[in-house]
Amino acid sequence: MSDIRDDVVAGFEEIYGYAPAGSWSAPGRVNLIGEHTDYNLGFVLPFAINRRTIVALGLREDRVMRVASEFADEVVEIPLGELTPERLHGWAAYPLGVAWALSQFGADLAAVPGVDLYIESTVPVGAGLSSSAAIESAVAIALSDVWRLSFDAPTLAKVGQLAENKAVGAPTGIMDQSASLLGRRDHAVFLDCRSLESSLVPLGFDEAGLEILVIDTGVSHSHATGGYAARRASCERGAAALGVASLREVSVDDLPRARETLDDETFRRVRHIVTENQRVLDTVIALRETGPHAIGELLDASHVSMRDDFEISVPELDLAVETAQLNGAIGARMTGGGFGGAAIALVPRENISRVQVAIDGAFAEHGFAQPGMFTVTPSEGATRD
Ligand code: ADP
Ligand code: MG
């Protein structure tokens, strides 16, 4: 961590010609279980990972905000008084959108000093680890600190979500920002997406000799956005047909009745959400009462439900999951929105290289491009460094 912090300070000085006031960082996340449940006001169980986005920030005498990133060859500048979602484009919409979103939660942008930001990251973009929440959360905690807003972490999560929804224009839930801001070392964040109450759940992977392997298939389908919207619409249709405000209100016991009311496709979409909520609750109980070895079957069942009922998997994800399971993983599932992206496998440490070699081999045999593979560890949420 300290190496990259030195880098980001040096990068800041090179661009802006003075030393920053400090640096703040926030992690990406992996969702252990609870997929597509967030916008159905259900449960999710993500954890913050050991890959972070770091923001060095300096205060200005005027009321201009400038942002730069190692990721882009430009410094984007805007007067704080002119920040509106319509004016923001491209990568800069993430950090500048956060400043705008803070104003929507009560920050008076007429009363705060201008800032210069420089951003570096070790969270891969578009690999299903939410580099977007990492940049939003790092910027949110940095601005909240230097502008003395004293917003708490749950509020900063809402700020990040608002920036992503309105300034970037992506209709995402609150899970990613919550994981990035509330995560703790060796813990997952159990989040109720209806009440927004959260609690930390001990994971105990390290003690149990287990690792989480991320398998990034590199597949990204052009219909991912449309597919996501279609699944949301199916869930809304299902809830309306069942006479409930959200699928959160449907339990596993209600499924026989739902099968009679709904067409087959809508029923299967609903069944995924309802059983996935139950799997999140069961995973939390298993982790608290038994330990991480007890969650393998729940991860496996989550994948089957996404593959067969929600129909958001792709052959590369199915192959990664099956190959991991056959080579010593105790559980595996695709993670994220689907139609490509990454899978995770919970693997005893001694089997990690065997699983990796087997997945490489299976992908080659099927003519699929080699996936990216790396382990992640459950880590601290956003902090001032
Ligand atoms: P992910 O699954 O990684 O969150 P998204 O498409 O949601 O993928 O967000 C990725 C986008 O976030 C990038 O294309 C870029 O616009 C922005 N972004 C993420 N990290 C950085 C960074 N370090 N610097 C600048 N922009 C970033
Ligand atoms: Mg994202």
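The values are calculated or read from the model by the stated rules, or taken from the named source; none is laboratory data. Nothing here was measured: the structure is a model prediction, and the numbers come from that model. All Cβ positions, even for glycine, are placed from backbone atoms using ideal geometry, and neighbour counts span all protein chains on display.
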- Query: What is the residue count in region 155-191 for residues that are closer than 18 Å to Leu32 by Cβ, of a type in the set (A, V, I, L, M) and outside any helix (DSSP H, G or I)?
  - Reply: 4
- Query: Restricting attention to region 21-49, which residues are of a type outside the set (A, V, I, L, M) and away from ligand 1 (no atom under 16 Å from the Cβ)?
  - Reply: Gly22, Gly34, Thr37, Asn40, Gly42, Phe43
- Message: Residue pairs, Cβ under 7 Å, 6 or more apart or interchain, first in region 80-95 and on the phi < 0 side of the Ramachandran plot, second near ligand 1 (Cβ under 8 Å from one of its atoms) and in a loop (DSSP other than H, G, I, E, B). List them.
- Response: Trp91/Phe71; Trp91/Ala72
- Trp91 fails exactly one of the following numbered conditions: (1) of a type in the set (Phe, Trp, Tyr); (2) within 16 Å of ligand 2 (Cβ to nearest atom); (3) more than 25 Å from Arg51 (Cα to Cα). What is the number of that condition? (3)
- Query: From the list Leu281, Leu213, which residue is at pLDDT 95 or above and surrounded by 20 or more Cβ atoms within 10 Å (Cβ to Cβ)?
  - Reply: Leu213
- Item | Residues of region 94-110 satisfying the condition of being of a type in the set (A, V, I, L, M) and either more than 16 Å from ligand 2 (Cβ to nearest atom) or out of contact with any Leu (no Cβ under 7 Å at 6 or more places or on another chain) (or both) | Leu96, Ala99, Leu102, Ala107, Leu109, Ala110
- Message: Taking the conditions exactly as written (farther than 24 Å from Tyr18 by Cβ and more than 16 Å from ligand 1 (Cβ to nearest atom)), does Ser137 satisfy them or not?
- Response: no
- Qualifying position, being within 11 Å of ligand 1 (Cβ to nearest atom), over 17 Å from the mean Cα position of the chain (by Cα) and modelled with pLDDT of 95 or more, among Gly114, Gly90: Gly90
- Message: When the residues of region 184-218 are narrowed to those that are farther than 20 Å from Gly341 by Cβ and of a type in the set (Gly, Ala, Ser), which ends up farthest from ligand 2 (Cβ to nearest atom)?
- Response: Gly209
- Please state which one of Val44, Val64 is more than 30 Å from Leu247 (Cβ to Cβ) and in contact with a helix residue (DSSP H, G or I) (Cβ under 8 Å, 6 or more places away or on another chain). Val64
- Task: Would you check if there is a residue in region 299-308 being under 30 Å from Ser144 (Cβ atoms), surrounded by fewer than 22 Cβ atoms within 10 Å (Cβ to Cβ) and in contact (Cβ under 8 Å) with a residue 24 or more places away in the chain?
- Result: no
- Per-region count, region 121-158, residues more than 26 Å from Thr217 (Cβ to Cβ) and crowded, with 24+ Cβ neighbours inside 10 Å: 8
- Task: Sort out which residues of region 75-114 are surrounded by 15 or more Cβ atoms within 10 Å (Cβ to Cβ) and of a type in the set (S, T, N, Q), and write them in order of number.
- Result: Ser103
